[in-house]
Amino acid sequence: MQYRTEQLDQHTWLIEEYNETSSVYMYLLEGEREALLIDTGNGTIPLEEICRELTGLPVTVALTHGHADHIGGTGHFENVWIARADEPLYRLHSTDELRRIFAGAEYAPAKAAEELQFFEEGRVFDLGGRTVEVIATPGHSVGSVCFLDRERRQMFTGDTCCKAHVLLQLDHAAPIEIFLDSIRKLLDLQDYYDITWPGHHEKPVGKDVIRQFLAAAEGLLSGMMEGREMEHPAGKCRLLEYRDIGIEY
């Protein structure tokens with residue numbers, strides 16, 4: 001796979017790993033003492049070297065969730081954090097079989113990190129003049145989180161609320177009721193951020209997309225909305241499409 005970097009501000013970069021059919025975003029946030037790398041992609045690009053070119057500070061990794069296309073490059077780093085609830089998913093998706101499914105023909109047999117550290121809701125990474133807070137948002141996985149950068153008024157959301165479909169039908173996902181609670185939590189915090197940076201698709205994403213997920217999830221749970229049957233590589237499921245987003249369940 002190929003990569004490109006985009007400087008979002010003087011101390012923040014987006015790293016995109018992509019090919020003709022897929023793309024995943026990582027974010028490097030630099031403080032005065034250290035840097036935080038949010039997610040590590042499929043592991044097919046020289047991620048450690050890329051980070052060294054962007055910052056001279058030590059880099060800590062924080063994962064939004066445990067899927068293979070977000071954890072593949074963790075083997076380049078010593079200090080890797082994830083929600084404990086997603087450890088089983090992380091271990092499963094660290095296997096060659098799962099990583100090859102996500103990366104396809106460009107799979108690189110680099111090892112994911114074996115030693116992990118675990119954060120909980122409210123944990124703050126103090127980078128020096130810049131703090132990043134863990135916001136638990138189970139749904140796409142039981143341990144999914146978002147990261148709130150209060151100083152720069154940004155929320156990094158992983159796969160929780162891309163301007164696309166959220167996949168709740170996969171193994172290790174949480175029920176729609178739990179996902180709805182997560183969406184409500186993000187909206188409760190909306191006074192602290194202006195935009196969100198997702199793991200895939202269009203970027204950045206406005207808060208209107210989160211409100212669309214709120215309406216769709218509430219509609220499903222109230223019985224006012226219903227998805228249609230569809231085929232997915234992971235098996236049959238239902239899909240509710242609503243404006244710019246969808247919920248697969």
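The values are calculated or read from the model by the stated rules, or taken from the named source; none is laboratory data. Source: prediction; values computed, not measured. Don't worry about glycine lacking a Cβ; one is built from the backbone with ideal geometry, like all the others, and counts go over all protein chains shown. Keep in mind that these areas ignore ligands, DNA and RNA; they rest on the heavy atoms of the full protein, side chains included. Shrake-Rupley method; radii C 1.70, N 1.55, O 1.52, S 1.80 Å.
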Run the numbers on the stretch 185-235 and let me know its relative contact order in percent, using alpha-carbon pairs under 8 Å that are six or more apart.
-> 22
Top positive-direction residue, dipole computed over the chain with Cβ charges, set G129, I82, Q190 = Q190
Give the relative contact order (percent, whole number) for the stretch 140-249; include only Cα pairs under 8 Å separated by 6+ residues.
-> 29
With a point put 7 Å past each Cα toward its Cβ, work out how far D194 is from E218 in nm, to one decimal.
-> 2.7
So, with a 1.4 angstrom probe, what is the percent of accessible area on the stretch 1-81 that is carbon and sulfur?
-> 40
Calculated Rg and Dmax of the Cα atoms in Å (choose from (1) 18.5, 59; (2) 17.1, 53; (3) 26.7, 92), label | (2)
What Kirkwood hydrodynamic radius do you get for the stretch 121-229 when you take the inverse of the mean 1/r over all pairs of distinct Cα atoms, in Å?
-> 14.2
If you find the alpha carbon centre of the stretch 175-249 and of the stretch 107-155, how far apart are they in angstrom?
-> 20
If you roll a 1.4 Å probe over the heavy atoms of the protein chains, what accessible area per residue do you get for the chain, in Å²?
-> 44
If you roll a 1.4 Å probe over the stretch 96-209 with all protein chains in place, what percent of the accessible area is carbon or sulfur?
-> 48
Using θ = phi - 60° and the Karplus relation 6.51 cos²θ - 1.76 cosθ + 1.60, list the HN-Hα couplings for the stretch 9-25 in order, rounded to whole Hz, with x at every Gly or Pro.
-> 7, 4, 10, 9, 10, 9, 10, 10, 9, 8, 9, 5, 10, 8, 7, 9, 10
Please go through the stretch 49-155 and write out the GluC sites (Glu not before Pro) that DSSP classes as loop and that have at most 14 other C-beta atoms within 10 Å.
-> E78, E114, E115, E120, E121, E151
Quote the FRET efficiency, to the nearest 0.05, computed for E226 versus R150 with a Förster distance R0 of 45 Å and r equal to the Cβ-Cβ distance.
-> 0.70
The chain: relative contact order in percent, alpha carbon pairs under 8 Å with at least 6 residues between = 13
Please work out how many pairs of lysine residues in the stretch 93-233 are eight or more positions apart (or on different chains) and have Cα atoms closer than 26 angstrom.
-> 5
